[in-house]
1. Which one of L4, S25, A49 is farthest out on the positive end of the charge dipole of the chain, using unit charges on Cβ (Lys, Arg +1; Asp, Glu -1) and the Cα centre as origin?
2. For the chain, what does the accessible surface come to per residue with a 1.4 Å probe? Please give it in Å².
3. Not counting ligands, DNA or RNA, and with a 1.4 Å probe, what is Y101's accessible surface area in Å² rounded to the nearest 10?
4. What shape does segment 10-69 have by the C-alpha gyration tensor, where a ≥ b ≥ c are the square roots of the eigenvalues, rounded means a/c under 1.5, and otherwise prolate means a/b greater than b/c and oblate the rest?
5. Along the Cα-to-C-beta direction of S115, a point sits 7 Å from the Cα; which residues of segment 64-91 have their amide N less than 14 Å from that point?
6. Using just the helices of the chain, give the 222 nm mean residue ellipticity in deg cm²/dmol: DSSP H runs with n ≥ 4 each add -39,500 (n - 2.57), and the total is spread over all residues, rounded to 500.
7. Averaging sequence separations of C-alpha pairs under 8 Å and six or more residues apart, then dividing by the length of the chain, give the relative contact order as a whole percent.
8. Three principal axis extents, largest first, for the C-alpha atoms of the chain, in Å?
Amino acid sequence: QVQLVESGGGLVQPGGSLRLSCAASEIIFRAYAMGWYRQAPGKQRELVARIGNSGVTYYANSVKDRFTISTDNAKNTVYLQMNGLKPEDAAVYFCNRFPSYDAYWGQGTQVTVSS
């Protein structure tokens, strides 16, 4: 069964850090680039970062130099290390392959940035 399960969200103060994890089914993890996406209330879902099978990464301008995407190939897991969090980073974060596939959207993990 194809699955993507996100975890690691929570409440953090501005300037704080969180690390999100996404446990992926091997069939997805091995075949596709992986991405982290987010959706804030009233906004469209957007790509935050992606990583290819070769390790090449891409970041949205809004998170560049603050977020780092990485993988653990032995665990079929994708991580998103988020540092210097800002209130505008608050959203539900999802992982999916890149490009995304509708059937793979999970529940996401909520990130709240507030003092």
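The values are calculated or read from the model by the stated rules, or taken from the named source; none is laboratory data. Remember, it's a predicted structure, so these values are computed and weren't measured experimentally. All Cβ positions, even for glycine, are placed from backbone atoms using ideal geometry, and neighbour counts span all protein chains on display. Surface accessibility is based on the protein's heavy atoms, side chains included, excluding ligands, DNA and RNA. Shrake-Rupley method; radii C 1.70, N 1.55, O 1.52, S 1.80 Å.
1. A49
2. Numbers: 6220 Å² over 115 residues.
The answer is 54 Å² per residue.
3. Estimated to the nearest 10 Å², Y101 gives 110 Å².
4. Working: a/c = 1.68, a/b = 1.62, b/c = 1.04.
Taking the square roots of the gyration eigenvalues as a ≥ b ≥ c, segment 10-69 is prolate.
5. Residues passing the 14 Å test: 85-88.
6. Values: 1 runs with 6 residues, N = 115.
Calculated from helices alone, the mean residue ellipticity at 222 nm is -1000 deg cm²/dmol.
7. Details: 273 pairs, mean separation 43.4, N = 115.
In percent, rounded to a whole number, it is 38.
8. 40, 25, 22
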